[in-house]
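Reviewing the structure listed below.
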2 protein chains.
Amino acid sequence: MVTQAEYLTGNKEGIEEFISRFDVFLFDCDGVLWSGEHLFEGTVETLELLRSKGKQVVFVTNNSTKSRADYKQKLTSMGIPATVDEVFGSSYSAAIYISRILQLPSNKKTVFVLGEAGIETELDGEKVPRIGGTDPSLNRLIGKDDYADIASGTSLDPSVGVVLCGLDFHLNYLKLSLAFHYLRHGAVFLATNIDTTLPSSSTLFPGAGACSAPLVAMLGGKQPTSLGKPSQAMMDAIEGKFQFDRQRACMIGDRLDTDIQFGIEGGLGGTLCVLTGVTKGKQDWEDGKIVPTAWVDKLGDLREGA
Amino acid sequence: MVTQAEYLTGNKEGIEEFISRFDVFLFDCDGVLWSGEHLFEGTVETLELLRSKGKQVVFVTNNSTKSRADYKQKLTSMGIPATVDEVFGSSYSAAIYISRILQLPSNKKTVFVLGEAGIETELDGEKVPRIGGTDPSLNRLIGKDDYADIASGTSLDPSVGVVLCGLDFHLNYLKLSLAFHYLRHGAVFLATNIDTTLPSSSTLFPGAGACSAPLVAMLGGKQPTSLGKPSQAMMDAIEGKFQFDRQRACMIGDRLDTDIQFGIEGGLGGTLCVLTGVTKGKQDWEDGKIVPTAWVDKLGDLREGA
């Protein structure tokens, strides 16, 4: 077990040696490459440096609001060259899980989505029928008739066999009521991820785990199966796709309990923590629970390894 | 400790004896007198019977969406005579706590409300300044500018010293974001109650505890101080107002972990569980944790004690 993390900022030789240990770098995005719309200094150059050294780069994100194509576009618009195949999002992970692993009865194939278009796009790509999500008819207050219609089942789709929760900017009481009733009727409870907060504008906003929290509370604490970091279902899917030696792979992220844990539990050769997101310094891992292999103040500090 | 509950339905003598033990009956409302708009059979007659025997009746409700005046109106419209003073709601309990017990700095007196008009009315009655709540300008999706404005504090009111969560039919991502940032800036975290579900239309919908759940998750599990059942702050306030012998008082409710626990922890002479709400039968208390003194299928069964 690693108990001490190596501080690499300003240590050129240390950085070069660290980079040389790996063929593959898995990147968390929000809080590592950027925060909201703000690209961190040195992100582009660092990625260029790694690519110039022949490293495989994979963008692994728990942000469920964007599809892989959306993410590629975001990366490109920020000056980071990327292909759709290099992007691995929690919505894609969830769509793969539902379509290829979950054995749903033939009359229970529909997914009720609590989340944004990114989830819908990935479900559509896997030909998984879906309702809810961005359906504008659900963007309203609950009405008197809704209570009776939900209670009687009139407004419930009997083919729903899964409730999938992601980050939902359109979260409301009506959608939570519908999701809860599908779960009560036996739907499988899935989440793209369970991050409780979302880093944005250099602070935190509600994350997917905050959006599913009302349902967890209503179910007496029953947690959804998460298809995002640190769930190893996601790591297995990434490895299955990219076919790499885990000992020669490094996870880079800003969160101990998702990114770093994800890399450690996945048996990767290394993990690197950056301080541009949730984690604020080594005091955050001095309890020894989840300790990264190394850390830098910001991703761009790796440029010194050129 | 009571380990066995007495079943009173159909037991005329048992009912008469049970009623004779008490001077005061505290009633939970939703799930006991009615569910949503549906008044249970025998409710009116049972209350008449108790009044005819000279019993003090108090309507104790965790439903924060209605003020005491709203509740009196609901009771009256359903044929149940009642006065405002007989109604004791969690919004009133919270307003009393904020205005008379909580010592807020003079520049931190404002309450950010996540909830409905019932809370606002009771806060206004206690002259507590408030924002949020039913403010229509917050009934919208979060916008791009909101992230920056919340992060910088521009859209935050510096006088907010309390976040008070109740049942909020207008719950949305923007309001949760604002509430979270007030809490991060040191606001006291209060809840009218923490019931995770609300009985309505003979089933369950999200309760106040589901509305505060995203914030609890974002705060890493930190719970709000609850001013509703089973918090004894509410029992103390009820006793202070009605001046009764707790041994001669009985709590009637449908929930073990709010109503019945409320009566037991409050040292009341008895508790009565009805099966018209959350609790479905004696299997629910056979773990011995929270056992009522007695139970009936429905409140109206007490009519046999006439």
Some residue of the stretch A:274-287 being in a loop (DSSP other than H, G, I, E, B), crowded, with 19+ Cβ neighbours inside 10 Å and in contact with a Ser or Thr (Cβ under 6 Å, 6 or more places away or on another chain): no
Sole exception among (1) without any contact (Cβ under 8 Å) to a residue 40 or more places away in the chain; (2) farther than 24 Å from B:G36 by Cβ; (3) of a type in the set (S, T, Y) for A:S200, by number: (1)
Filter result (more than 10 Å from every other protein chain (Cβ to nearest Cβ) and either under 20 Å from B:R184 (Cβ atoms) or part of a loop (DSSP other than H, G, I, E, B) (or both)) within the stretch A:161-194: A:G166, A:H185, A:G186, A:A187, A:T192, A:N193
Pairs with Cβ under 8 Å, 6+ apart, first in the stretch B:101-121 and closer than 19 Å to A:Y173 by Cα, second in a helix (DSSP H, G or I) and among the β-branched types (V, I, T): B:V113/B:I119
Residues of the stretch A:252-263 satisfying the condition of being among the hydrophobic types (A, V, I, L, M, F, W, C) and either within 14 Å of chain B (Cβ to nearest Cβ) or surrounded by fewer than 23 Cβ atoms within 10 Å (Cβ to Cβ) (or both): A:L256
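Specify which of the listed residues (A:T9, A:T65) is polar (S, T, N, Q) and over 19 Å from the mean Cα position of the chain (by Cα). Let's see the steps before the verdict.
Numbers: A:T65 fails: over 19 Å from the mean Cα position of the chain (by Cα).
After applying the criteria, what remains is A:T9.
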Yes/no for A:S64 being under 21 Å from A:D245 (Cα atoms), crowded, with 21+ Cβ neighbours inside 10 Å and at pLDDT below 95: no
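In the stretch A:215-230, what residues are in contact (Cβ under 8 Å) with a residue 12 or more places away in the chain and touching a Ser or Thr at 6+ places or on another chain (Cβ under 8 Å)?
Just the residues of the stretch A:215-230 that are in contact (Cβ under 8 Å) with a residue 12 or more places away in the chain, to begin with: A:215, A:218-219, A:222-230.
Within the stretch A:215-230, A:M218, A:P224, A:T225, A:S226, A:L227, A:G228, A:K229, A:P230 qualify.
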Options A:S106, A:S137: the member that is outside any helix (DSSP H, G or I) and more than 13 Å from every other protein chain (Cβ to nearest Cβ): A:S106
Subset of the stretch A:1-40 (residues that are surrounded by fewer than 18 Cβ atoms within 10 Å (Cβ to Cβ) and polar (S, T, N, Q)): A:T3, A:Q4, A:T9, A:N11, A:S20
Criterion violated by A:P158 - all others in (1) more than 10 Å from chain B (Cβ to nearest Cβ); (2) touching a His at 6+ places or on another chain (Cβ under 8 Å) satisfied: (2)
Of all residues making up the stretch A:1-42, the number that are touching a Phe, Trp or Tyr at 6+ places or on another chain (Cβ under 7 Å) and under 26 Å from A:R68 (Cα atoms): 8
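I'd like to check which strands (runs of 3 or more DSSP E) are fully inside the stretch A:1-95 and have at least 1 residues that are among the aliphatic types (A, V, I, L, M), free of Cβ contacts under 8 Å to residues at least 40 places away in the same chain and more than 14 Å from chain B (Cβ to nearest Cβ). Even if it seems obvious, please write down each step before you answer.
Working: elements: A:24-27, A:56-61, A:87-89.
Correct list: A:56-61, A:87-89.
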Count - residues of the stretch A:201-251 that are more than 9 Å from chain B (Cβ to nearest Cβ) and of a type in the set (A, V, I, L, M): 9
Residue list for the stretch B:140-155, filter: touching a helix residue (DSSP H, G or I) at 6+ places or on another chain (Cβ under 9 Å), surrounded by fewer than 19 Cβ atoms within 10 Å (Cβ to Cβ) and either assigned to a strand (DSSP E or B) or more than 8 Å from every other protein chain (Cβ to nearest Cβ) (or both): B:R140, B:G143, B:G153, B:T154, B:S155
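The values are calculated or read from the model by the stated rules, or taken from the named source; none is laboratory data. All values reported here derive from a predicted model rather than from experimental measurement. Positions of Cβ are generated from backbone atoms using ideal geometry, with glycine treated the same way; all protein chains shown enter the neighbour counts.
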